[in-house]
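Quick notes on the structure that follows.
The values are calculated or read from the model by the stated rules, or taken from the named source; none is laboratory data. From a predicted model like this one, the values you see are computed outputs, not experimental measurements. As a convention, Cβ positions derive from the backbone with ideal geometry for all residues, glycine included, and neighbour counts pool all protein chains shown.
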Amino acid sequence: MSDAIITMDGSGRLVIPKEIRKLLHLAAGTALRPAVVGNRLELTPVEPPGPKPKRKSGLLVVPRSGKPFDALGALNAVRDSRP
């Protein structure tokens with residue numbers, strides 16, 4: 001796979017080869033964070049934020065999403081967003 005060549009188009013878009021996407025479990029819409037390291041470009045997948053808790057009858061409720069949920073992180077985010 002080290003012999004794969006990726007070419008940038010006129011709009012600056014890159015297509016990651018299917019073998020690499022499969023190996024790294026990258027799906028359409030996956031966000032990637034770019035970093036310049038020396039003279040290289042590194043792309044690191046960014047985990048999407050989990051569901052945001054909502055208030056229901058005075059309680060914080062997390063909508064079902066079928067994905068892992070970081071309850072402590074969500075509570076800290078709610079606390080940090082308070083004025």
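Here Leu60 meets the list (1) outside the structural domain of Asp80 (by TED's automatic domain parsing); (2) surrounded by 10 or more Cβ atoms within 10 Å (Cβ to Cβ); (3) within 30 Å of Leu75 (Cβ to Cβ) almost entirely, failing just condition (1). Taken over the range 45-75, residues that are in contact with a strand residue (DSSP E or B) (Cβ under 6 Å, 6 or more places away or on another chain) and among the hydrophobic types (A, V, I, L, M, F, W, C) amount to 2. Can you confirm whether Glu42 is over 25 Å from Ala77 (Cβ atoms), touching a strand residue (DSSP E or B) at 6+ places or on another chain (Cβ under 8 Å) and among the charged types (D, E, K, R)? Answer is yes for this residue. Selection of the range 32-50 for residues being over 13 Å from the mean Cα position of the chain (by Cα) and either basic (Lys, Arg) or assigned by TED's automatic domain parsing to the domain that holds Leu75 (or both) yields only Arg40. In the range 7-21, of all residues being exposed (fewer than 10 other Cβ atoms within 10 Å of the Cβ) and either modelled with pLDDT under 85 or not acidic (Asp, Glu) (or both), the one that is farthest from Ala71 (Cα to Cα) corresponds to Gly10.
Across the range 43-57, the qualifying residues are those that are at pLDDT 80 or above and outside any strand (DSSP E or B), and the one among them that is surrounded by the fewest Cβ atoms within 10 Å (Cβ to Cβ) is Ser57.
Applying the set (1) at pLDDT 90 or above; (2) assigned to a loop (DSSP other than H, G, I, E, B) to Lys67 leaves exactly one unmet item: (1). Residues in the range 1-42 that are part of a strand (DSSP E or B) and without any contact (Cβ under 8 Å) to a residue 12 or more places away in the chain: Pro34, Ala35, Val36, Val37, Arg40, Leu41, Glu42.
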